[in-house]
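The numbers here are math on the coordinates, done by the rules we state, and not lab data. Quick caveat: nothing in here was measured; it's all calculated off a predicted structure.
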Amino acid sequence: MKVFKFGGTSVGSIANMHVVMDIITNGEQKLVVLSAMSGTTNNLVEISDYLSKKNKESALGLISRLEKKYYNLVYDLYSSNEAREKGKKILEERFEVIKSFTSGPFSEIGERTIVAQGELISTALFTLLMQENGHKTVLLPALDFMKIDGDKAPDSRYIKEKLNAILKNSPKADYYITQGFICRNDNDEIDNLQRGGSDYTATLIGAAINSEEVEIWTDIDGFHNNDPRFVENTRRVDRLSFGEAAELAYFGAKILHPQTVLPAKVNNIPVRLKNTMNPSDPGTLITSESSGKGIKAVAAKDGITAIRIRSGRMLNAYGFMKSVFEIFEYFKTPIDMIATSEVAVSVTIDNPKHLDDIVNEIKEYGKVVVDKHQTIVCIVGDVIAEENGLAAKVFMALEDIPIRMISYGGSRHNISILVDEKDKKATLQALSNRLLNNN
Ligand code: ASP
Ligand code: MG
């Protein structure tokens, strides 16, 4: 059984919901993961922000605007009064939950429960639409099988066991619908897979049911070879390996949640990125095989902090790196890029939450310099680190751009460079013109 996932824009309007219904109902049985309607998760985050700041009035105002929007939608979405009544019931229940957090103390559980309502609403309304149109459809509650552990990592074994048992015991259907993004945590509370996490839900489910393919449907024709928000004339990439796609997703290509590729890679399940608004386009296919040499795509990730540690103690010593890395480990802060010389090491992080504590500890080891507002530009392709002259071409293209760090040779399919955020657009443009021939 294939897994299809549709993002917020794909279910963001009545017209689009009908398009999604057409795409799904081709007679092949499938499991469909849906995001919340576009804008809803942001609204729900806003509501819980108001509540955590004790601004009840603004929270109630936004709740009632959102409620009104959904009641209007339900009226137009269905054609029978029976379905409209059922739709209203769904909304009543969901908004009851949201409103229950507007009085009394507000906690993180309240926040996570509110944020989960977007997917609970979109899937329930969509299932009803499918049923009203005569399609044999069953809603599978993700909160009954999606689980993360104490480190917020998905519990794949639990998900596999639970989901397969649920599928076995549920009434036979042609189409199964479930919520992306939401899950339970090790305390059995409602939690989530972080913003954009519906993609991750899709591949986790794909792995759990050993699906033949996971299709991720968004509003763009797959991965582009450069960031279309900053560079003109970008092109779709037809094929990527899991490794290449993972690098691109992690280093900024906004189309996929960064962790999505991993479950597919481990279980060797092809992932196809498709465009709901242009279903005949083949999109990007991601598999274990890479195809074609040379540079395939470029992506950029902002908000990076670089930390340089300079120390005489590093000279000819062993164990120095370990001590430095242990500090990052202690503060649960992942390191993205590393560059070393004999007397200094530079690393980058994208989560500055514990920056001050980290810097304080590292000071014990040497002189520390912190550069904020940096961008990692990631250049991805097959065996680029071995191809003759490619590195030279990359640096020629960037001759006018000050480069703060370089990571080359760490993997066969990636060169990463660190530049100041203000030079990002020029960097992407130069790579596009001179390496990807996008003009
Ligand atoms: N609705 C969630 C979000 O907006 C999850 C997702 O769409 O992937 O982040
Ligand atoms: Mg998304």
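List of remarks:
- Shape call, region 1-159: gyration tensor on alpha carbons, a/c limit 1.5: oblate
- Around the amide H of Lys296, modelled in the peptide plane, lie the amide H atoms of Val380, Gly381, Asp382, all under 5 Å away and 5 or more residues distant in sequence or on another chain.
- Whole-number percent relative contact order across the chain, with pairs defined as alpha carbons under 8 Å at least 6 apart: 13 percent
- Between Val324, Val115, Val33, the GNM of the chain built on Cα springs shorter than 10 angstrom shows Val324 fluctuating the most.
- Phi to ³J(HN,Hα) by Karplus 6.51 cos²θ - 1.76 cosθ + 1.60 over region 203-213, Hz, x for Gly, Pro: 6, 5, 5, x, 5, 5, 9, 6, 5, 7, 6
- Bridgeable lysines around Lys172 (alpha carbons under 23 Å apart, same-chain partners fewer than 8 residues away excluded): Lys2, Lys5, Lys30, Lys86, Lys136, Lys160, Lys162.
- Less than 5 angstrom separates the built amide H of Ile177 from those of Val32, Val138, Leu139, Leu140, all sequence-distant by 5 or more or on a different chain.
- GNM top mover of Ala59, Ala116, Ala297 - the chain, alpha-carbon springs below 10 Å: Ala59
- Converting phi to 3J(HN,Hα) with the Karplus coefficients 6.51, -1.76 and 1.60 and the offset θ = phi - 60°, region 78-84 yields 9, 9, 9, 5, 4, 5, 4 Hz in sequence order, with x at every glycine or proline.
- Here the Karplus curve 6.51 cos²θ - 1.76 cosθ + 1.60, taken at θ = phi - 60°, turns the phi angles of region 240-256 into couplings of 9, 7, 4, x, 5, 5, 5, 4, 5, 5, 5, 8, x, 5, 6, 5, 10 Hz, with x standing for Gly and Pro.
- The amide H of Arg184, built 1.01 Å from its N in the peptide plane, has Met146, Lys147, Ile148, Asp191 as neighbours under 5 Å, considering only residues 5 or more places off or on other chains.
- Using C-alpha pairs under 8 Å with a sequence gap of at least 6, the mean separation divided by the residue count of region 1-125 gives a relative contact order of 30 percent.
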